[in-house]
Amino acid sequence: MSIIEQSPGLVISALTKTLKKIVGTRISRGHLYWMKGAVPSSLENITNPLRYRVADRLVHWNRNQIIITQGLISTTASTPINSGVATWFYFYRIDGNKIYQLVGTITSTGGGGDLELANTTIFKDKTYGIQEPRQSISINPTSATWVVEPIQSISITPSSATWVVEPVQSISINPTSATWVVEPVQNVEIVPPAATWEIEYEL
Amino acid sequence: MIFYSNVADDLVQDSFILLTTMIVYRGKQPTVAEYITKVNNGTYTWTGNYLLQVYKDVDLSKSKVESVTKIEKNSPDGTSYGNYFCQAGLAEWAVLFDKTTSQGTNKLLNFNTSPMTFARNISENDLFMIVPVSDIKGLGVLRFDSIDFKSGNNPNPIKRFAVNFS
């Protein structure tokens, strides 16, 4: 099956926008650190970047010292906070209730790190900066997974209603009122219709 | 490299939702390098033998299902997005261009001349993505009722478009 292919320009454009979002504008509280010690395997436990592994920070750049061009990051020079061996870098920016973070590995040249340094040992009496970036980060949406969704759905509009129940049939009486006349069904016929009744008295 | 958790959502919102011009082609899907070469020599332009139809300003939207963010065509039914039919053929692949490529002084796609031309040579620095095409039952990123494109006023509406990011 054919695959999705992106132009390098599209990847760089998307990456640049994402990196800028991580680091923010020149007035943002965005920070880049080179760090020592174990590289974190997850960002989930970093709930307060301001205080996260402060003792492991070696070199620090504020947002206004970070330059992002065409997916590449460079910085101005900065004096280390501590001496030590840099093993990972850490970006973070706090924007309201959102925390933008990026963690990557640092190795010596050819070591395959996300950032490669000629010498990973940081000395406190020197200055450091990223001036000739040669690597960019690639983000590949071709590894995206497909989500199976129903192609069709049934919708009910409006979603709620008040039902009025009415009788389908009714019985009507016309006229609605009347005077009933009761008539005998059978007559008693006296034959002969006229007669003289004789009344006798007994004394 | 570990990015913040919402990076896929921001990538889609800031960049990939802008891929609103879609050019559908027939033939074997090329690599990025092959596409650049064959646009610049005229093979993949309007006057070549492979370009079938162009869709301009396709309405895309962003959504999120669990951890997967996607861009997809917003309207449920196909629309023509302009009458940019070029020639008949079996659609196999398409190129999605960032909408900024039709703007500014260095624009790549020109819709002012009839019907659509490449205003200059394309390069790898231009913003585009090559994707497979299929019918509605297939697995293409861009899907149609039928990949058999024919002429007419509105012959080949897009039925589905979706790219997922996670």
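The values are calculated or read from the model by the stated rules, or taken from the named source; none is laboratory data. This one's a predicted model, so the numbers in the text were calculated from it and none came from an experiment. Neighbour counts are summed over all protein chains in view; Cβ atoms, including those assigned to glycine, are modelled from backbone coordinates with ideal geometry.
The set of residues from the stretch B:46-56 being touching a strand residue (DSSP E or B) at 6+ places or on another chain (Cβ under 6 Å) and not hydrophobic (A, V, I, L, M, F, W, C) comprises B:TYR50, B:GLN53, B:TYR55, B:LYS56.
The condition (being part of a loop (DSSP other than H, G, I, E, B), over 30 Å from B:LEU142 (Cα atoms) and hydroxyl-bearing (Ser, Thr, Tyr)) is satisfied by just one residue among A:SER74, A:SER28: A:SER28. Just so you know, in the stretch A:5-21 the residues that are facing chain B (nearest Cβ under 7 Å) and under 25 Å from the mean Cα position of the chain (by Cα) include one that is farthest from A:THR105 (Cα to Cα), and it is A:LEU10. Against the conditions (1) away from chain A (no Cβ under 14 Å); (2) assigned to a strand (DSSP E or B), B:SER63 satisfies every one except (1). Could you go through the stretch A:28-38 and let me know if any residue there is within 12 Å of chain B (Cβ to nearest Cβ) and surrounded by 19 or more Cβ atoms within 10 Å (Cβ to Cβ). There is no residue in the stretch A:28-38 that is within 12 Å of chain B (Cβ to nearest Cβ) and surrounded by 19 or more Cβ atoms within 10 Å (Cβ to Cβ).
Per the listing A:THR121, A:THR47, A:THR69, the residue uniquely out of contact with any Phe, Trp or Tyr (no Cβ under 6 Å at 6 or more places or on another chain) and either closer than 21 Å to A:THR16 by Cβ or small (Gly, Ala, Ser) (or both) is A:THR69.
Could you check, for the stretch A:29-44, whether at least one of its residues is of a type in the set (Lys, Arg) and at pLDDT below 85?
yes
Residues that are facing chain A (nearest Cβ under 9 Å) and buried (at least 22 other Cβ atoms within 10 Å of the Cβ) were ranked within the stretch B:16-36; the one that is modelled with the lowest pLDDT is B:PHE16. Every test in (1) buried (at least 21 other Cβ atoms within 10 Å of the Cβ); (2) assigned to a loop (DSSP other than H, G, I, E, B); (3) β-branched (Val, Ile, Thr) is passed by B:ILE130 save one, and that test is (2). When you look at B:SER80, is it away from chain A (no Cβ under 14 Å), out of contact with any Ser or Thr (no Cβ under 6 Å at 6 or more places or on another chain) and modelled with pLDDT under 90, yes or no? Yes; evaluated as a whole, the condition is true for this residue. Scan the stretch A:39-71 for residues that are more than 15 Å from A:THR127 (Cα to Cα), outside any loop (DSSP other than H, G, I, E, B) and charged (D, E, K, R) and the total you get is 3. Residues in the stretch B:135-150 that are surrounded by fewer than 22 Cβ atoms within 10 Å (Cβ to Cβ) and closer than 19 Å to B:TYR44 by Cα: B:ILE147, B:ASP148, B:PHE149, B:LYS150.
Tally up the residues in the stretch A:50-66 that are touching a strand residue (DSSP E or B) at 6+ places or on another chain (Cβ under 6 Å) and closer than 21 Å to A:LYS20 by Cα, please.
Number satisfying all stated conditions: 6.
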